[in-house]
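Here, each number is a calculation from the coordinates, and none is a lab measurement. All values reported here derive from a predicted model rather than from experimental measurement. When we count neighbours, we look across all protein chains shown, and the Cβ atoms used for this are built from the backbone with ideal geometry, even at glycine.
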């Protein structure tokens, strides 16, 4: 028997006291002292604490939080030693799901149970699953702007709709829905049904004072400040200082809306419309006066129809036009080729950067593949062109006034030393529509043979048709009372009296008044997506070797270098030419390498490197989604692209 005795370890693990506070007992309760040894696993620690509390309840949602390290201890089988926890550690036993107040794009505030222990990326997915918003990877949480302390009376105004008791049937990829599109879990009570209606039907126009009172960005610097408030997707809420009952904003962060389908996306479509509408009302994105009147008319129409029309449940063809919804099949249409190759059209151009005169000079233009060439006259086309410009990677913006019959296209074409600015002036609407469509496709590297060319032309034509005025067509309707100042941004509230706006908005309304609700929402989003500044998120950065701050615009397909004081575009780089990127966390500098040995490096001024890095990585992740892969997302890939611990 003596050989057995030798196996008894001579050193038994020393016991020591671990201090743990228990959330259940209230903030004033003293911490429990539990006697432990370093080889005790986390599950065992929790068991001992629970026994000590003598509270009978379901503790399965509870976990230990290490206060000094701001870290969750989520692996029950790991020992104290493995986590490197010693007697000086302050631990807290707390629930992983806590109530969170969420402000939605339409201004509704919800109280929901959210996960505080998993990465925010997954918390957002859980919340979106509850609210029936598909493609939650496009949304994220923003911290609210620090508000000045409200007076007692005002503080009561926030109506909060409590959804903490809502439970989604687990295991289903998309929540089960009733015939009217409402998820089953919302149909539990009249209260939750009412909340669903609030989320899925557009709210009435706000009073003009609300628009006036809300923060408006006064320049690029202001627009950049918004983005330093995004939460980090790869860390948990508690790690980022968010507490139970705190308020966060749920917003669309990535401007590429995958596979929008009104049949399933009532909440998603409505909230997206609301976010677009507020972006326009608060001048976060610029638009022309004619566009503002059309936006106002659509808002007026959507508001009117929302009150009367039941929930849309059918899919509509207009949805299929959404550029982002359908990645067009590359069909090489042989029959089209012959017509397309020689799409010659006369047009005029001028280059404000190089010429002092503001006049236009007339040239003969040809468009082939993704390049524009121009000649003195049609006869010269057999010779060398005066200049050939490849539009791949260029910026395309309309400069149009239907009323003044002005149809111009503004191109910013990337060149070695910066951007070359070119204006093309077209003779008429048809010519403009075709050239604009060709330029837009060419900027994405697509040729005129691409099957989306004709639908792009039709889209542009229908948009121009909506801006047509039809004088005297329906003056009987001008008796309608419209609260016009609720439909336009502050600039136009100041510029025009309400009664001056009424006939103009009603005139635009004639062109959209027949649209069913879903199509009106889609049309609003399409026009928003066609604005030159659409979907650009701004950051103030300092490029390596430069003395002054500049702006980096991040979009769904490119990065834009912008002059902070003038707002001029200096350069663009497209993601599809990106080779690799990484962050040097020590000096907080991001470096990106593009094809052709192009390297850029910058440090971030208004936001952290992590936020910028996550934005760019996130967009690259969005581009990996295919139409078929609507089931499960590749979480690992998202964290790999946005986490920033290693370059691709």
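The separation of segment 91-121 from segment 522-577, counted between C-alpha centres, amounts to 32 Å.
Gain on full extension, evaluated as 0.36 nm per residue between residue 599 and residue 187 minus their Cα-Cα distance, stands at 142.8 nm. Taking the DSSP beta bridges with both ends in segment 99-289, the antiparallel portion is around 65 percent.
For a Förster distance of 60 Å, can you work out the FRET efficiency between the beta-carbons of residue 428 and residue 164, rounded to the nearest 0.05?
0.55
Once the C-beta distance of residue 240 and residue 180 is scaled by a Förster radius of 35 Å, the resulting FRET efficiency is 0.40 to the nearest 0.05.
Between residue 376 and residue 263, what length in nm is gained on full extension when 0.36 nm per residue of separation is reduced by their alpha carbon distance? Before the final figure, lay out each step's value.
Numbers: separation 113, 0.36 × 113 = 40.68 nm, distance 5.32 nm.
Difference between extended and current length: 35.4 nm.
The distance between label points at residue 51 and residue 122 comes to 2.9 nm (points 7 Å beyond Cα on the Cα→Cβ vector).
Applying the Kirkwood pairwise sum to the alpha-carbon positions of segment 203-258 produces a hydrodynamic radius of 14.6 angstrom. Distance between the pseudo-spin-label points of residue 624 and residue 67 (7 Å out from Cα toward the beta carbon): 4.0 nm. The simple spin-label model puts a point 7 Å past each Cα toward its Cβ; for residue 384 and residue 585 those points are separated by 5.5 nm.
How would segment 537-643 be classified by its alpha-carbon gyration tensor: rounded, prolate or oblate, with rounded meaning a/c under 1.5 and the a/b versus b/c comparison settling the rest? Show your work: numbers first, answer last.
Working: a/c = 1.94, a/b = 1.68, b/c = 1.15.
Taking the square roots of the gyration eigenvalues as a ≥ b ≥ c, segment 537-643 is prolate.
Which length gain, in nm to one decimal place, applies between residue 197 and residue 368 when the Cα-Cα distance is subtracted from 0.36 nm times their residue separation?
56.5 nm
With neighbours defined as other Cβ atoms within 10 Å of a residue's Cβ, the residues 376, 98, 56 order from fewest to most as 56, 376, 98.
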